[in-house]
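Here the structure comes first, spelled out in structure tokens, and everything after it is commentary.
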Amino acid sequence: MIDRSIFENKTAAYYTLGCKLNFAETSAIGRQLSQAGITKARKGQKADICVINTCTVTELADKKGRQAIRKMIQQHPDAFVVVTGCYAQLKPDDIASIEGVDLVLGAEQKLDIFQYLNNLTKKDKGAVITSKTNRIKTFVPSLSADDRTRYFLKVQDGCDYFCSFCTIPHARGRSRNGSIADLVTQAQSVVAEGGKEIVLTGVNIGDFGHTTGERFFDLLLALDDIQGIERFRISSIEPNLLTDEIIDFVANSKRFAPHFHLPLQAGSDDVLQLMKRRYDTALFRHKVEKIKQTMPDAFIGVDVIVGVRGETDTYFEESRKFIESLPISQLHVFTYSERAGTQALKIPHSVDPKEKHARSKALLDISDRKLHEFYLSQKGASKKVIFEHTRYGSKMYGFTENYIKTVADYNPSLVNKVTKVQIGELDEDRSAMKAII
């Protein structure tokens, strides 16, 4: 049994890298420690406990994780340091060898952190507590609020897809989910806290249902009936799991925003096969065009990876032309990095780093142009904006239902409220549209 007296008057500092799911889980960890009487350290205050939640999606993510760990140790030299997250699950011994790290927790342990803090004595070498990936089966609920107005609700975890370039199934385990009833209860708690917008997060959220025998579509139906939430957004969903039924539902729903985020990864069917993706460009085009037919003003963000093994100049040009032809709003461009243990390492052709950079720039230029065109297409439209808490000088920002970033003069009475605006001109730095109230 843990002696809770060791936590009296203790403070904790948190650092999160990676996806919104990680942020939701860090929030859940913070609530556990708060319930034990541990308060969050103020800015500049030396913490007694540090928790770093890591990402491992790329080699750069690993590097950032190591930098973040060392920086936290430097800033809080006497703190008991806990490192968790995907990088911790895949390479726990590497992290444990960093001087100042006391405890490394794997994916199965991180959301039960309290039971591993039996004392806060600094260690000569970090202790490692992880489970083998095939034993990661627990779904632990997570709900977080960012520093603006959105809440992030974890509905699913893990992935069964094992794409050739990806380590996430090894870091997160197999696909699993919460029940619709429990998730509805969590969403209702956001209403009680005054929240207006919830983003559904997960590793592969369209694969929802393995644990409970339910359907993702049924989850959407149940959430749509919750009174008090103005908006739900669906985070990244695999194109083969985004059914026409879901698209039609969003088009006619009470609360789901016309905002989609689809991982394409490559616009060449040959490269998609090398990646072991579960769709082709024809299916992807159908989904995008179906969205635009039913919701002409919908925002469509798309993930793309450049420079994967096997991506020849010809394949990249196919991909570039395909992406150029799509009526999408924005690209999120990632540069491929080799990950140990992935099937992609068996593919012979590798891309030169300079060529990867050139390909990334080419797609980012397309993204900038498409986002600019999308924003301008919305000029003069009447939209609903939820303005965020953060004040930027004399300005405040908020997003429309179809994810147009808008700016207006700061007015505290409009924060976290649904405000009808007319979309005006682009602002001076061309990053947002002026909201005419």
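The values are calculated or read from the model by the stated rules, or taken from the named source; none is laboratory data. From a predicted model like this one, the values you see are computed outputs, not experimental measurements. No Cβ is skipped: glycine too gets one built from the backbone with ideal geometry, and neighbour counts run over all protein chains shown.
Here GLY65 qualifies as at pLDDT 95 or above and part of a helix (DSSP H, G or I). Scan region 99-121 for residues that are more than 27 Å from the chain's Cα centre (by Cα), surrounded by fewer than 19 Cβ atoms within 10 Å (Cβ to Cβ) and among the hydrophobic types (A, V, I, L, M, F, W, C) and the total you get is 1. Quick one: which of LYS379, LYS383, LYS420 is more than 24 Å from the chain's Cα centre (by Cα), surrounded by fewer than 18 Cβ atoms within 10 Å (Cβ to Cβ) and part of a strand (DSSP E or B)? Of the residues listed, the single one that is more than 24 Å from the chain's Cα centre (by Cα), surrounded by fewer than 18 Cβ atoms within 10 Å (Cβ to Cβ) and part of a strand (DSSP E or B) is LYS420.
Quick check: anything in region 334-351 part of a strand (DSSP E or B), buried (at least 17 other Cβ atoms within 10 Å of the Cβ) and in the same structural domain as ARG233 (by TED's automatic domain parsing)? Yes: region 334-351 contains one or more residues that are part of a strand (DSSP E or B), buried (at least 17 other Cβ atoms within 10 Å of the Cβ) and in the same structural domain as ARG233 (by TED's automatic domain parsing). In region 201-215, of all residues being closer than 22 Å to ARG277 by Cβ and either in contact with a His (Cβ under 6 Å, 6 or more places away or on another chain) or free of Cβ contacts under 8 Å to residues at least 60 places away in the same chain (or both), the one that is surrounded by the most Cβ atoms within 10 Å (Cβ to Cβ) corresponds to PHE208. Note on region 237-319: enclosed helices (runs of 4 or more DSSP H) holding 2 or more residues that are out of contact with any strand residue (DSSP E or B) (no Cβ under 6 Å at 6 or more places or on another chain) and under 25 Å from ARG215 (Cα atoms) are 244-252, 281-294. Once region 157-181 is narrowed to residues that are assigned to a helix (DSSP H, G or I) and not β-branched (Val, Ile, Thr), the residue that is surrounded by the fewest Cβ atoms within 10 Å (Cβ to Cβ) is ALA181.
Of the residues making up region 1-27, those that are farther than 14 Å from VAL82 by Cβ and in a helix (DSSP H, G or I) are ARG4, SER5, ILE6, LYS20, LEU21, ASN22, PHE23, ALA24, SER27.
Residues that are over 17 Å from TYR151 (Cβ atoms), modelled with pLDDT under 95 and over 18 Å from the mean Cα position of the chain (by Cα) do not occur anywhere in region 264-273.
Would you say VAL407 is surrounded by 18 or more Cβ atoms within 10 Å (Cβ to Cβ) and either out of contact with any Phe, Trp or Tyr (no Cβ under 6 Å at 6 or more places or on another chain) or not in a strand (DSSP E or B) (or both)? So VAL407 fails the test.
Where strands (runs of 3 or more DSSP E) sit wholly within region 68-156, those with at least 1 residues that are at positive phi occupy 80-85. Residues in region 252-266 that are buried (at least 21 other Cβ atoms within 10 Å of the Cβ) and of a type in the set (Gly, Ala, Ser): ALA257, ALA266.
Checking every residue in region 371-385 against the condition of being of a type in the set (Gly, Ala, Ser) and at pLDDT below 95 gives zero matches. Of the set (1) more than 25 Å from the chain's Cα centre (by Cα); (2) surrounded by 20 or more Cβ atoms within 10 Å (Cβ to Cβ), all apply to GLY398 but (1). Condition check for THR185 on (1) surrounded by fewer than 19 Cβ atoms within 10 Å (Cβ to Cβ); (2) part of a helix (DSSP H, G or I); (3) touching a Gly at 6+ places or on another chain (Cβ under 7 Å): one failure, at (3).
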